[in-house]
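Input: a single structure, listed below in structure tokens.
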Amino acid sequence: MTVQGGNSNAPPHVLVIPFPAQGHMIPLLDLTHKLATNGSNLTITVVTTPKNQTLLTHLLSSHPSIHPLIFPFPFHPSIPPGIENAKDMPHSIRPIMFSLSKLHDPLLQWFKSHPSPPQYIISDMFCGWTQNLASELGIRRLVFSPSGAFALSTMYFLWKELPKRTNDNENDIVSFHKLPNSPTYPWWQVSPLFRSYVAGDPDSECFRDWFLGNIASWGLVVNSFSELENRYLEYLKMELGHDRVWAVGPLLPADDLSTTQRGGSSSVSVNNVVSWLDQRGDRKVVYVCFGSQMILTNDQTVAIASGLAKSGVHFIWSIKTKNENQEGIIPAGFEDETAGRGLVIRGWAPQVLILRHRAVGAFLTHCGWNSVLESVVAGVSMLAWPMSADQFVDATLLVEELKVAKKVCEGEKTVPDSDQLGRVLAESVSESAVETRQALKLQAAALDAIREGGGSSEKDLRCLIEQLHYLV
């Protein structure tokens, strides 16, 4: 591919391809907002499907230079009609990856018919098929990682090195020996996509091709910052063989309005949530939430409810409502028992606003990367309960390296001891908690990273935009 010197007067055109899961789509749209501001002079087109288009509403109204490119959601036999986002169908990552890959040919035709087609593709790491598309078109593709650099490093290691189990034991240890500190994880904590590949699933062969496509991409944009994960960012540069790795996080909502428009229906209004928090003391509330996809079992829900009741802490508990199997139902009488010190939100919760409120002091979380970064920016310590995918790696970073979290449980079916959970919940909002002090230090580093004019992430963002202009 020939590198040109940037003599064209037309602004660079970038095609953004998100993956339709809340934890992937939202940070890439936040990055898109940043690319469209600060005088960057970019033309941006965002690929979406009809039911996901509403997530772009605020972005499109704020930036006339951004245009949607709407395709029908491609058919997959295991995805019911009307489902276009992973939040509406737990455990749908695999079929959605397959479905979106069918956009290759429609996008190819769109490119060929466009009078001023994009010179770049920025696509989610779960859209590795776009690497072949970019190669066919002779343009550059950048991978966007909504996961942190540590987690992404483990993914790249798996698909390049192809470690195998020595036996059928799910506790067989996998050593990531090329990574800093040579972390190890039992087999059951390794990427489910990779485990299905090793198990011989014939449909999984394309996953390796797509992840190797990510590794072969021209550039990498990570939702992280150097003060948080510098050793892993440097590892990725070494592993990829170039320095086109930009850490531009924490990617945050553009304003309070976009923060409150991110979710769906809720049993409690945003104003009522804030009013409830306003009546609590500083850093005395524990926020409990396990992300947009995870559905707790009834046993887990009972254990959490019992732990909260025994702890005596003030709390907000956000719990999913879509539940065909009647799992995760809060025990009868719990809300009456904890009336006055607890608030249960069924459905979507304004998580960013909750975490940033002065009353919140700890966060019981599944360690999804968006939740991690939102907690870091808010200066809130975490109680880690990783459940799947890259959450186990995130928990290692938080608990062992950064010391801003305490692990309370692990595994999507594991049930914690309610007595122990109650004690940890009570300790998490005590003034002597070590994790709280560390969280406040990390908050300062995060805010400095995104500081206008001199923050490390702001510098990386400017460098990225300059590269996009220079190479047109």
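The values are calculated or read from the model by the stated rules, or taken from the named source; none is laboratory data. These numbers come from a predicted model, not from an experiment. Heads up, the Cβs are rebuilt from the backbone with ideal geometry, glycines too, and the neighbour counts pull from every protein chain shown. Note: accessible area is taken over every heavy atom of the protein model, side chains too, but ligands, DNA and RNA are not part of it. Shrake-Rupley method; radii C 1.70, N 1.55, O 1.52, S 1.80 Å.
For region 109-119, the count of residues that are touching a residue at least 40 places away in the same chain (Cβ under 8 Å), under 30 Å from L296 (Cα atoms) and assigned to a helix (DSSP H, G or I) is zero. Count of region 202-230 residues, restricted to those that are without any contact (Cβ under 8 Å) to a residue 12 or more places away in the chain and in contact with a helix residue (DSSP H, G or I) (Cβ under 9 Å, 6 or more places away or on another chain), is 3. With respect to being among the hydroxyl-bearing types (S, T, Y), modelled with pLDDT of 95 or more, closer than 17 Å to W129 by Cα and under 21 Å from the mean Cα position of the chain (by Cα), S217 fits the description.
Would region 164-171 turn up any residue that is out of contact with any helix residue (DSSP H, G or I) (no Cβ under 9 Å at 6 or more places or on another chain), surrounded by fewer than 17 Cβ atoms within 10 Å (Cβ to Cβ), more than 30 Å from S457 (Cα to Cα) and touching a residue at least 12 places away in the same chain (Cβ under 8 Å)? Among the residues of region 164-171, not one is out of contact with any helix residue (DSSP H, G or I) (no Cβ under 9 Å at 6 or more places or on another chain), surrounded by fewer than 17 Cβ atoms within 10 Å (Cβ to Cβ), more than 30 Å from S457 (Cα to Cα) and touching a residue at least 12 places away in the same chain (Cβ under 8 Å), which makes the answer no. Meeting the requirement of 2 or more residues that are open to solvent by 10 Å² or more (accessible area, probe 1.4 Å) and under 18 Å from K441 (Cα atoms), the helices (runs of 4 or more DSSP H) wholly within region 339-417 are 369-378.
Of the residues in region 136-154, at least one is closer than 30 Å to H33 by Cα, part of a helix (DSSP H, G or I) and open to solvent by 20 Å² or more (accessible area, probe 1.4 Å). Within region 451-472, take every residue that is assigned to a helix (DSSP H, G or I) and open to solvent by less than 40 Å² (accessible area, probe 1.4 Å) and give me the one that is nearest to D243 (Cα to Cα). Going through the qualifying residues, I end up with L464.
How many residues does region 44-56 hold that are at pLDDT 90 or above and either part of a loop (DSSP other than H, G, I, E, B) or open to solvent by 40 Å² or more (accessible area, probe 1.4 Å) (or both)?
4
Residues in region 218-234 that are among the hydroxyl-bearing types (S, T, Y) and either open to solvent by less than 10 Å² (accessible area, probe 1.4 Å) or in contact with a Gly (Cβ under 7 Å, 6 or more places away or on another chain) (or both) were compared, and the one that is nearest to R462 (Cα to Cα) is S224.
Residue-wise test of (1) farther than 22 Å from R462 by Cα; (2) open to solvent by less than 30 Å² (accessible area, probe 1.4 Å); (3) at pLDDT 95 or above; (4) not in a helix (DSSP H, G or I).
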| site | (1), (2), (3), (4) |
| --- | --- |
| E239 | yes, no, yes, no |
| D243 | no, no, yes, yes |
| W246 | no, yes, yes, yes |
| L252 | no, no, no, yes |
| L257 | yes, no, no, no |
| R262 | yes, no, no, yes |
| V268 | yes, yes, no, yes |
| N271 | yes, no, no, no |
| W276 | yes, no, yes, no |
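Scan region 85-134 for residues that are over 19 Å from T45 (Cα atoms) and in contact with a strand residue (DSSP E or B) (Cβ under 9 Å, 6 or more places away or on another chain) and the total you get is 0.
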